[in-house]
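For reference, the structure is listed below as structure tokens.
The values are calculated or read from the model by the stated rules, or taken from the named source; none is laboratory data. All values reported here derive from a predicted model rather than from experimental measurement. So basically every Cβ, Gly included, is an ideal-geometry build from the backbone, and we count neighbours across all protein chains shown.
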Amino acid sequence: MIAIIATAAAAGAATAGAAWLAQRRAAEQRLAAERAAGERRVEAARETGATLAADAQRRAEAHAERLARALEDDAALLDADAERLDRAEAAVGRREASLDARATAIDERYDELKARRARLNDARKSTENLEDDFDREVERVAGERREAVIDRLADELTGHARIAAQKAARALEENAQAHAETEAKRLIDLACQRYGTALPANRLVTTVSLPSKADARQAVLADGEALLKALTEATDVDFERRDDDVLYLRAPDPFTREIGRLAYERTLRSKSPTVEFAQKMAEKAAQDLDKIAHDAGRRAARILKLKGVHQDILYLVGKLLYRTSYTQNQWQHAIETAHLCGIMAEDMGLDIRTAHRAALMHDIGKVLWAETEAVGSHAVSGAAFATAHGEAPEIVHPIAAHHGDEKPSTPLAHLVAAADALSGARPGARRETIESYSGRVEQVEAICADFRGIRQSYVIQGGREVRILVDPRQVDDLAAARMSEDVAHRIEDECIYPGQIKVTVIREIRSQAVAH
């Protein structure tokens, strides 16, 4: 048993020793392999280091060669710069020598000129002294001072020139007066021949009819004519019932009356018109007519090729579309007046655009009811409006003077007045029976004849103005002023007339005396 155990122990020991020897041999083999690999890596590192060192040496040698070449190039450039500097210094030296020589020559020339100036000053003083001695000798011989002779000759020449100018001006004035009427007729004939647009009679509607259907008529007249009252409140147009079927439109101006008419007709188109609908139609009518007026003003400017006119002025021109004078549409009248004025202005050598501009605006004051009523003339109010909206004085003055409210002081002012009268007076422009015109004139003259102290009275400008000459011994200045107002009030109360009638009372005093 012991032998078996010993044998087993020996066998185990032998097995363990064999295993240890095997492990040791494996470790030694791995160490040898690692040592060989390390040696190979060291050798590879040595070879890589040698290669890198060789490359670094080559690069260093190439860089050194480049630096050497750059230094050589810089040295060559420095040598070239040094040569240029040497040449520049030599040139500067030569320039300095030349400048020194020129400065020396200039100094010598200056000294020479200075000496010559001194000699000239001496000669000038000598000449002045000789002139003074000569003037004194001449004055002594003539017995009169030089200044007095000059003043006397100047007075004589001025007097002769003044007389010649007065004679020339008088001759021109006499020639102008002698040919003025002939020239005026020629201009008017020329304008009439070159412009002849036929315009139809134009009458604005002043009445409307009640609906023929019973239910529509009842809607208009219901609740105490509530619908008409609403339209009156919205448009400022009174609908006065003259008979069973006609309503007369009473408004402060034709434009407002047209708003009321249009609103009334649009309201009746509804199957069941109401107060709210009437108010809405009144507002819509006002907007539509405003647009039409603006478009008409701009269209007039386009027709006459005018630019830069203020929109408010063009709006007033457009509103003339709703005004007539004896059936002559005032918008068409304004354009026609502008054309006639332009024709005459062109023949006289005046600016056509300026003539068109002033003539187109001449009646805008007719639309300014409040202002015109305050100043008594649409010409004055129109001129003030044009001035306030940037128009030049040469445009404003013809507007103010076309009815004589201002004395015309320019050719254009006379032309605008003539074109205005020509447009209204030419055949076919306006419609009025001779009987109605004559009757109105006779009625105005009869009113004037009722006042004491009137010597003569004239109805002029197509019945738009009355001029009264009074006896200065019976009517003083205060009574003359009162008389114009009294005659105007009588005409307002007793006459029916379109537009306005201006009453002018003239009191003239002439004193004469005879010297024996």
Any residue that is under 30 Å from SER484 (Cβ atoms), outside the structural domain of VAL503 (by TED's automatic domain parsing) and out of contact with any Lys or Arg (no Cβ under 8 Å at 6 or more places or on another chain) - is there at least one of those in segment 302-312? no
Just checking, how many residues over segment 409-432 are part of a loop (DSSP other than H, G, I, E, B), closer than 15 Å to CYS341 by Cα and modelled with pLDDT of 85 or more? 1
Identify, by number, the condition in (1) part of a helix (DSSP H, G or I); (2) surrounded by fewer than 23 Cβ atoms within 10 Å (Cβ to Cβ) that ALA400 doesn't meet. (2)
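Yes or no, residue by residue, for (1) surrounded by 23 or more Cβ atoms within 10 Å (Cβ to Cβ); (2) in a helix (DSSP H, G or I); (3) touching a Gly at 6+ places or on another chain (Cβ under 9 Å):
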| residue | (1), (2), (3) |
| --- | --- |
| ARG266 | no, yes, no |
| LYS271 | no, no, no |
| ALA278 | yes, yes, no |
| ASP295 | no, yes, yes |
| TYR315 | no, yes, yes |
| LYS319 | yes, yes, yes |
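Could you tell me which of the residues THR324, THR387 is in contact (Cβ under 8 Å) with a residue 12 or more places away in the chain, hydroxyl-bearing (Ser, Thr, Tyr) and either more than 17 Å from ARG464 (Cβ to Cβ) or out of contact with any Asp or Glu (no Cβ under 7 Å at 6 or more places or on another chain) (or both)? Don't jump to the end; show me each part of the working.
Working: THR387 fails: in contact (Cβ under 8 Å) with a residue 12 or more places away in the chain.
That would be THR324, the only listed residue that is in contact (Cβ under 8 Å) with a residue 12 or more places away in the chain, hydroxyl-bearing (Ser, Thr, Tyr) and either more than 17 Å from ARG464 (Cβ to Cβ) or out of contact with any Asp or Glu (no Cβ under 7 Å at 6 or more places or on another chain) (or both).
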Give the residue that is farthest from LYS319 (Cα to Cα), with candidates limited to residues of segment 234-257 that are out of contact with any strand residue (DSSP E or B) (no Cβ under 9 Å at 6 or more places or on another chain) and touching a residue at least 40 places away in the same chain (Cβ under 8 Å). ALA234
Is there any pair with a first residue in segment 442-453 that is of a type in the set (A, V, I, L, M, F, W, C) and a second that is exposed (fewer than 12 other Cβ atoms within 10 Å of the Cβ) whose Cβ atoms are under 7 Å apart and which are 6 or more apart or on different chains, and what are they? ILE447/GLU494
Boolean, VAL441 is at pLDDT 90 or above, of a type outside the set (Lys, Arg) and touching a Gly at 6+ places or on another chain (Cβ under 7 Å): no
Tell me which residues, restricted to segment 297-313, are of a type outside the set (Lys, Arg) and in a helix (DSSP H, G or I). GLY297, ALA300, ALA301, ILE303, LEU304, GLN311, ASP312, ILE313
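Kindly evaluate HIS378 against the criterion of being surrounded by 20 or more Cβ atoms within 10 Å (Cβ to Cβ), modelled with pLDDT under 90, more than 18 Å from HIS310 (Cα to Cα) and more than 22 Å from the chain's Cα centre (by Cα).
Values: surrounded by 20 or more Cβ atoms within 10 Å (Cβ to Cβ): yes; modelled with pLDDT under 90: yes; more than 18 Å from HIS310 (Cα to Cα): yes; more than 22 Å from the chain's Cα centre (by Cα): yes.
Answer is yes for this residue.
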Please work out which one of (1) in contact with a strand residue (DSSP E or B) (Cβ under 7 Å, 6 or more places away or on another chain); (2) among the small types (Gly, Ala, Ser); (3) on the phi > 0 side of the Ramachandran plot is the condition GLY260 fails and give its number. (3)
Given the conditions (1) at pLDDT 80 or above; (2) surrounded by fewer than 16 Cβ atoms within 10 Å (Cβ to Cβ); (3) touching a strand residue (DSSP E or B) at 6+ places or on another chain (Cβ under 7 Å), and given that GLY499 satisfies all but one, which numbered condition is not satisfied? (1)
Select from segment 221-239 the residues that are modelled with pLDDT of 85 or more and not hydrophobic (A, V, I, L, M, F, W, C) and list them in ascending order. LYS229, THR232, GLU233, THR235, ASP236, ASP238
